[in-house]
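Nothing in this text is a laboratory measurement; each read-out follows from the coordinates by a stated rule. None of these values were measured; they are calculated from a predicted model. Here the Cβ is made from the backbone with ideal geometry for all residues, glycine too, and neighbour counts use every protein chain on show.
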Amino acid sequence: MIPELDPALLDRPLDDQQLPLLTWRLDMDKGRITGRIDGFDAVKQAIFKALQTIRFNHDIYDSDYGHELTLLLGSSPVFAQSEAKRLITEALMSDDRIEGIDQLTTEINADYIMIRFNVNTIYGNFGQEVSVSV
């Protein structure tokens with residue numbers, strides 16, 4: 001039996017609806033997977049994971065995933081401060097759900113730089129922070 005194509009299906013417009021992007025909910029405190037999430041919580045978790053993963057260190061991820069904040073190690077605080085926004089933007093903007101990053105501030109201490117910023121997503125905005133040893 002050879003399947004036959006219904007010509008009426010070819011003329012139907014395609015629905016442009018967004019399917020839910022379900023992912024596993026990770027409980028970092030207990031080290032367990034505790035269900036599934038999507039929407040705002042899934043984006044927050046994706047950002048957390050991207051900021052915890054060093055780019056190019058894990059073959060399981062493609063070359064767009066993760067961060068290169070380790071490039072700031074050993075650099076002067078002034079250089080690190082100027083590069084922080086670019087590196088964070090590159091780490092996060094590969095996700096289509098993220099619209100932008102703004103209000104980035106850096107706090108330079110003797111051993112690390114604390115970077116705080118707002119993430120604008122299609123689901124809403126929230127604050128995030130990451131520290132980098134220098």
Do the sum for the chain: with -39,500 (n - 2.57) for every DSSP H run of n ≥ 4, divided by all residues, what is the mean residue ellipticity at 222 nm, to the nearest 500 deg cm²/dmol? -7500 deg cm²/dmol
Find, among the GluC sites (Glu not before Pro) in the range 16-105, those assigned to loop by DSSP (not H, G, I, E, B) with at most 16 other beta-carbon atoms within 10 angstrom. Glu68
Please report the orientation-averaged projected area of the range 21-133, defined via the convex hull of its C-alpha atoms, in nm². 7.5
Sequence-separation-based contact order of the range 15-134, relative, with Cα cut under 8 Å and 6+ spacing, percent: 18
Take Lys49, project a point 7 Å from its Cα along the Cβ direction, then tell me which residues of the range 95-134 have their backbone nitrogen under 13 Å from it. 95
Report the calculated FRET efficiency for Arg86 and Asp59 (r = Cβ-Cβ distance, R0 = 35 Å), to the nearest 0.05. 0.90
What residues from the range 112-132 fall in the zone where the backbone N is under 19 Å from a label point 7 Å along the Cα-to-C-beta line of Phe40? 117-129
The FRET efficiency for Glu129 and Glu4, from their Cβ-Cβ distance with R0 = 41 Å and rounded to 0.05, is 0.10
State the Cα centre-to-centre distance between the range 30-61 and the range 81-120 in whole Å. 17
For Glu99, other-chain or 5+-apart residues with amide H closer than 5 Å (H placed, Pro excluded) are Asn120, Thr121, Ile122
Given labels modelled 7 Å from the Cα in the Cβ direction, how far is it in nm from Arg116 to Ile33? 3.5
